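One structure is given here, and the rest of the page talks about it.
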Amino acid sequence: MLGETTDDDSNNEPNPTQTAAGELADAIRTTLGPNGLDKMVVGENGTVIVTNDGSKIIEWMDITHPVGRLVEQAAAAQDNTVGDGTTTAVVLVGALLEEAATLRSAGLHPTTIIDGYGRAVEAALDQLAQYERGLHSRQDDRLTQIAKTAVTGRWDDASTDRFAELTLSALQAIGFDRSRLTLKSYPGGELRESVCLDGVLVDLETSSTSLNTLSHPRTRTHDEPAIAMVDAEIGIEEPNNVESVELQDATQRNAFQAHEQDRRTELVEQVVQSGVTVLLCQKSIDEAVRTALAQRGVLPVERTRRDEFDVIARATGSTPVMSVDDLTADDTGTVGSVTQRTVGTAQTLVLQGCPEEHRATLLLRGGTPHVAEEVRRIVADCIDVTRVALDDGVFVPGGGAVPTALAMDLAALSREIPDRTQLVFDGFGTALEALPRTLATNAGTDPLTTLTEIKQRHDAGAETVGVGPDGHPRDMIDAGILEPAAVFRSALQRAVAVVTQILRVDDVVRTSTNERTADGEHDHAHAATGGYPWAVGH
Ligand code: ADP
Ligand code: MG
């Protein structure tokens, strides 16, 4: 069949490259929107993950087909750059390929389709500007609505709304400087126990016995402590030459032990004398020193993570020293309070009210490690879309209102196109309509009826009408279903880029196969490349 020489005839055969991408789109389509179904992803080792997040599903799917991988990469890039809109991008890829197949059946050459799609996407992006609205400020309530829209359907509505609100209040508290926000999620708690802390939360090394040696209760607060930071091990210096202290007799051994004891006492005295109440060490602290410090009312914390150590230094205004011998009161810093807190099975230290550098921590909880991780990702997505919306300063109505409006604009523009590119513009518009259609289908309403009604409302001037959460037409601005314009813009651009790549590959195959079969080499190239036709040209 591949040997047929005319473009029209060969269009009827199943197209392996387009099918791979189409199948991926089919699998993902049902998860789009607030009524999207969850997918159960079963890992190789039998782990089961239930999620509604398109990007995660694609990431976890075992995609081996190279074309599927192209789509997967585009989805991953979408997720990494704007944090949302992956399902949208994949649905668009599927719809654009479907339209391309129809256009080819109508006799259009892939090159014509590629060029037409290129012009259509440019026209669509030009039109997009008229649906964009500006954010007033960083305090704009619509940022919260944007965050909520981004994570709708990922958990129950009350929880996702709360996570969006928590995220926004945390971001506002630190002036939207993401580097001052820490996300920590711990299993073994209820979602509603998640809170925003005004400060830094530090994980304490589980191997650290510093807290166990303390006789106080599990939660203890030090108000306005003097915090000292030591960037090296605290303990007895190891002798350089071990052999030289091979102890010959009991007298020597006693002398050596006495020396060690003196040194420990000295270390403890130095810390206490400098008025320190919390001692953070980047390395380990000698166990006896640790115990003695705790007895003297100093909280010793060892093996603080390097990155956290630096954060704490900045937030508290402490100057890390290399040795306790160098420690003076001037090197200490402070915060409002330091609290030891057990979260699930983790021991943590919470430094609240940092005077030097305002910081916030979102302490997230979930019943199981999977839930805790999902919660962390929900919050991370809220942070991403907020950043994207603020960077861009503009948002658009969600629920498929914009793709519907753009499809109508393209239909109007296509009437002025004299050649067959007109058909490509129309096809592109139909592909955009796949978004509102899919949202309606997933919400259980008839896609055609819903789309027709939405278009009528747009015609009547209500261009912000889209598919509401119940599947019926609704004004998206009134409903607070808003998205960063950049999410849709990026999804559209990436989808067109992938589709162009796929169509181009097909074009290469067709051309070279036709040339070869003219020489009598039937389908040889396909067999030689394990069925991957795009290897032909290489
Ligand atoms: P994506 O991976 O593309 O972000 P989603 O499953 O998050 O996919 O669905 C996004 C689509 O759902 C967008 O078109 C968005 O406008 C729409 N959407 C989100 N929340 C709502 C809602 N409450 N009502 C209607 N549509 C919504
Ligand atoms: Mg989303």
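Checked against (1) β-branched (Val, Ile, Thr); (2) within 16 Å of ligand 2 (Cβ to nearest atom); (3) over 26 Å from the mean Cα position of the chain (by Cα), THR438 passes all but a single condition, namely (3). When region 155-180 is examined, which residues are found to be in contact (Cβ under 8 Å) with a residue 12 or more places away in the chain and closer than 21 Å to ALA486 by Cα? ALA164, THR167, LEU168, LEU171, PHE176, ARG178, listed by residue number.
Taken across region 130-141, residues that are in a helix (DSSP H, G or I), more than 28 Å from VAL505 (Cβ to Cβ), open to solvent by 60 Å² or more (accessible area, probe 1.4 Å) and away from ligand 2 (no atom under 16 Å from the Cβ) do occur, with at least one present. Pairs linking a residue in region 326-338 that is over 10 Å from ALA228 (Cα atoms) to a residue that is of a type outside the set (Ser, Thr, Tyr) and in a loop (DSSP other than H, G, I, E, B), with Cβ atoms under 6 Å and 6 or more positions apart or on different chains, are VAL335/GLY353; VAL335/CYS354; GLY336/GLY353; VAL338/PRO225. Residues of region 142-180 that are within 12 Å of ligand 2 (Cβ to nearest atom), open to solvent by less than 40 Å² (accessible area, probe 1.4 Å) and part of a loop (DSSP other than H, G, I, E, B): GLY153, ARG154.
Residue-level analysis places GLU224 outside the set of residues that are modelled with pLDDT of 90 or more, within 19 Å of ALA288 (Cβ to Cβ) and open to solvent by 40 Å² or more (accessible area, probe 1.4 Å). In this structure, does ALA372 turn out to be touching a residue at least 12 places away in the same chain (Cβ under 8 Å), of a type in the set (A, V, I, L, M, F, W, C), in a helix (DSSP H, G or I) and surrounded by fewer than 24 Cβ atoms within 10 Å (Cβ to Cβ)? Yes, satisfied. Could you list, in sequence order, all residues of region 424-454 that are surrounded by fewer than 20 Cβ atoms within 10 Å (Cβ to Cβ) and farther than 19 Å from VAL91 by Cβ? Passing the criteria: THR449, THR452, GLU453.
Only one of these conditions is not met by VAL71: (1) open to solvent by less than 20 Å² (accessible area, probe 1.4 Å); (2) closer than 30 Å to GLU416 by Cβ. Which number is it? Just one mismatch for VAL71, condition (2).
Check whether at least one residue in region 117-127 is outside any helix (DSSP H, G or I) and open to solvent by 10 Å² or more (accessible area, probe 1.4 Å), and report yes or no. For region 117-127, residues outside any helix (DSSP H, G or I) and open to solvent by 10 Å² or more (accessible area, probe 1.4 Å): absent.
Would you check if there is a residue in region 78-94 being aliphatic (A, V, I, L, M) and surrounded by fewer than 23 Cβ atoms within 10 Å (Cβ to Cβ)? No, because not a single residue in region 78-94 is aliphatic (A, V, I, L, M) and surrounded by fewer than 23 Cβ atoms within 10 Å (Cβ to Cβ).
Among the residues making up region 68-124, a single one is among the charged types (D, E, K, R), within 12 Å of ligand 1 (Cβ to nearest atom) and touching a residue at least 60 places away in the same chain (Cβ under 8 Å): ASP84. For beta carbons closer than 7 Å, sequence separation of 6+ or different chains, a first residue in region 42-59 that is of a type in the set (A, V, I, L, M, F, W, C) and a second that is within 16 Å of ligand 2 (Cβ to nearest atom) and open to solvent by 70 Å² or more (accessible area, probe 1.4 Å), the qualifying pairs are VAL50/ASP38. Of everything listed in (1) open to solvent by 60 Å² or more (accessible area, probe 1.4 Å); (2) touching a strand residue (DSSP E or B) at 6+ places or on another chain (Cβ under 7 Å), the single unmet condition for THR304 is (1).
Somewhere in region 358-366, is a residue in contact (Cβ under 8 Å) with a residue 12 or more places away in the chain, out of contact with any Ser or Thr (no Cβ under 8 Å at 6 or more places or on another chain) and either open to solvent by 30 Å² or more (accessible area, probe 1.4 Å) or of a type outside the set (Lys, Arg) (or both)? Yes - at least one qualifying residue is present in region 358-366.
Here region 471-481 is the region considered, the condition is being under 18 Å from GLY36 (Cα atoms) and more than 8 Å from ligand 1 (Cβ to nearest atom), and the residue that is surrounded by the fewest Cβ atoms within 10 Å (Cβ to Cβ) is HIS472. Within region 34-68, the residues that satisfy the criterion of being open to solvent by less than 20 Å² (accessible area, probe 1.4 Å) and either within 14 Å of ligand 2 (Cβ to nearest atom) or acidic (Asp, Glu) (or both) are GLY36, THR51, ASN52, ASP53, GLY54, SER55, ILE57, ILE58.
The values are calculated or read from the model by the stated rules, or taken from the named source; none is laboratory data. Note that the structure is predicted; figures quoted are calculated from it, not measured. A quick note on method: Cβ atoms are made from the backbone with ideal geometry, for glycine too, and the neighbour counts reach across all protein chains shown. Note: areas computed on protein heavy atoms with side chains; ligands, DNA, RNA excluded. Shrake-Rupley method; radii C 1.70, N 1.55, O 1.52, S 1.80 Å.
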